[in-house]
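Taken together, the values in this text are just the output of simple stated rules run on the coordinates, not laboratory data. Remember, it's a predicted structure, so these values are computed and weren't measured experimentally. Here Cβ is always computed from backbone atoms with ideal geometry, including for glycine, and neighbour counts include all displayed protein chains.
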Amino acid sequence: MSHSSSLPLRCWAEINLAALERNLRLIRASLPPHMRYVAVVKADAYGHGLHHIAGRLMHAGADLFAVANVTEATALRELGPGWPILILSPLLPGEEVALVDSDFAATVSSAEEVLRFEAAAAAAGRTISVHVKIDTGMGRTGVWHEEAPGLFTRLAAAPHLRLAGVFTHFASPDDDPAFTAEQRRRFLAALERVPGLPLGQIFVHADNSAGLESLPGASAFNAVRVGLLQFGILPHPHSMLAQVRTEPVFSFHTRVALVKRLPAGTSISYGRTHVLRRDTTVAILSAGYADGLPRAASNRGQVLIRGQRCPVLGRITMDQTVVDVTEVPGVAGGDEVILVGRQNGQEISLTEFSRAADSIPWETLTSVTKRVPRLYKTALGT
Ligand SMILES: *Cc1c(COP(=O)(O)O)cnc(C)c1O
């Protein structure tokens, strides 16, 4: 978004690219050296901004990029000609021409896709790279694991398709280690039933951020697909990955626009869901749900002003949010407000912010709207 630099920002996100780069290096260092790193940058790099994030990850040594769809893949291709790009979601009929034109790797889950991609590649006289996805219990994309060998047979009969990887996706890596282990077992068992798979020469991947906690030592896996963790967010609060010491890349900021005193008994905002129990000093913040403050955090969320926690009063509205600053001396218009991040030694983590809205960090990050400028901090060592 364009913004006149002489004006104060009303609501903005700060993206610490140096932290991103440190995070990638720390994650890599915590993995066995042969593990390749698939950087998941779908949904505009989880709302951080694809351009800056992918550029930094290329610099920091990602091996492969994964995106959701053809549009995202095309944007990434313009940034980094030559980088391998995997499209994770199934392609709609007609989208396969982009695979040929732009050299994207596609995910294959079905015989129908093999035929469609083979036809597109043959028509262009080119080769398309594919990663076969195996459904080991996620129940979403992928060929059901018991039927995987048949799909590999079809693939072997498609001369214009080149097998570049095999993968699966975990359903509950953060809270069901037994089922995750079962998914690994099904995946490896399916691969064993396919004679002559060149596992050492292709990407063999299953682990997303939470999966890393249970990554087995010696096995066929030779790559990981990391999204959330590279942004310094743990996949769940008690994650053992805290040892990796990644730092948050994203912080979320707004400002106090107005301070006023209201008498006890006044109701606050739409629906009158909060009634002041005492005479109260309130601050009106210059951000609301149209910026990405979830309405579900009404009457529940907290923000930091002058290093102190201030509760949200009443409903969050489109452009404005009311908080209680009675206990915070000296609050004035223009004061910076932390929605997610640190201030004077206090912190509201993305996880806390998400929980206040009955949400998850992935959804919170991808719900910050385009009204919110992203400010990029680039220097290493800050
Ligand atoms: C989004 C996604 C990932 C990344 O997951 P994180 O939990 O953010 O690390 C990995 N694999 C697939 C298939 C995905 O869709």
Over all Cα pairs of the chain, the Kirkwood radius sets Rh, and Rg/Rh then becomes 1.05
Taking a label point 7 Å from the Cα of Glu182 along Cα-to-Cβ, the residues of segment 117-136 whose backbone nitrogen sits under 18 Å from it are 134-136
So, over other residues within a Cβ distance under 15 Å of Gly94, counting Lys, Arg +1 and Asp, Glu -1, the net charge is -4
What helix-only [θ] at 222 nm does the chain give? Using -39500 (n - 2.57) per DSSP H run of at least 4, over all residues, to the nearest 500, the answer is -7500 deg cm²/dmol
Scoring only Lys, Arg, Asp and Glu (+1, +1, -1, -1) among other residues with Cβ under 15 Å from the Cβ of Gly333 yields +3
The rounded separation in angstrom of the Cα centers of segment 197-237 and segment 306-382 is 31
Listed by chain and number, the lysines with an alpha carbon less than 22 angstrom from that of Lys377, same-chain partners under 8 positions apart left out, are Lys42
Karplus-derived 3J(HN,Hα) from phi for segment 67-75 (6.51 cos²θ - 1.76 cosθ + 1.60, θ = phi - 60°), whole Hz, x at Gly and Pro, runs 10, 7, 8, 5, 4, 5, 5, 5, 4
Looks like segment 35-150, by Cα gyration tensor root eigenvalues a ≥ b ≥ c and the a/c under 1.5 rounded cutoff (else prolate when a/b is bigger than b/c, oblate otherwise), is oblate
With +1 at each Lys and Arg Cβ and -1 at each Asp and Glu Cβ, the charge dipole magnitude of the chain around its Cα centre, to the nearest 20 debye, comes out at 960
Cα extents of segment 250-377 per principal axis, largest first, Å, are 40, 30, 23
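Rounded, prolate or oblate: which one fits segment 31-232, using the alpha carbon gyration tensor with axes a ≥ b ≥ c (rounded when a/c is under 1.5, else prolate when a/b beats b/c, else oblate)?
The shape class here is oblate.
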Taking Cα atoms only, helix 17-30 is inclined relative to the longest principal axis of the chain by an angle, in degrees rounded to 10, of 50
With the charge dipole of the chain built from beta-carbon charges (+1 for Lys and Arg, -1 for Asp and Glu) about the Cα centre, the Cα from Gln243, Met35, Ala62 projecting farthest to the positive end belongs to Gln243
For segment 231-339 the chymotrypsin sites (Phe, Trp or Tyr not before Pro) that pass both the DSSP coil test and the at-most-13 other-Cβ-within-10 Å test are none
Rounded to 0.05, the calculated FRET efficiency for the beta carbons of Leu375 and Ala157 at R₀ = 51 Å is 0.45
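Dipole size in debye (nearest 20) for segment 26-148 around its Cα centre, Lys and Arg Cβ +1, Asp and Glu Cβ -1?
Magnitude of the dipole: close to 500 debye.
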The orientation-averaged projected area of the Cα convex hull of segment 309-374, in nm², is 5.5
Segment 60-90 and segment 102-151 have their Cα centres apart by a whole-number Å value of 17
Sorted on mean Cβ neighbours within 10 Å (highest first), peptides 125-132, 298-305 come out as 298-305, 125-132
Taking Cα atoms only, helix 50-60 is inclined relative to the longest principal axis of the chain by an angle, in degrees rounded to 10, of 60
